[in-house]
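Below is one structure, written out as structure tokens; comments come after it.
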Amino acid sequence: MDEIKSRLKTVMQTENRLTLPISGTGSAGMETSFVNLVQLGNPVLILKNGVFGMRMVDLASRLGAAVDVLEFDLPRRKRCAVGKNNLAGDGVGRTPATGGNEKRGQEKEG
């Protein structure tokens, strides 16, 4: 366990003595990350196309983040391109969600 903790500290670039691995689902890992990293008003972009995305929108909204949601049913390659464009700041396909009151939009494959 000491070796694992030491390696995690290196990966996470920390000297925190409370660094330790915790077993859980992917949702538990994402929730832990959000709760520890997202602060009130932080911008968060979530690419949503299923239940996992809905959970992340809900969680980020409850944390008070400025949530942007891209909701669509596109092939992975197109989702990545749309997400990349949004991160670059062109705003194509952006639908804001705040306070858990999400506005839904659909991106169409074209």
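Computed from the coordinates by the stated procedures, all read-outs in this text should not be read as laboratory data. Computed from a predicted model, the values in this text were never measured in an experiment.
Applying 0.36 nm per residue to the separation of GLN13 and MET30 and subtracting their alpha-carbon distance, the gain on full extension is 4.2 nm. Taking amide H as placed 1.01 Å from N in the peptide plane, LEU45 has its amide H under 5 Å from the amide H of ASP68, each at least 5 places away in sequence or on another chain.
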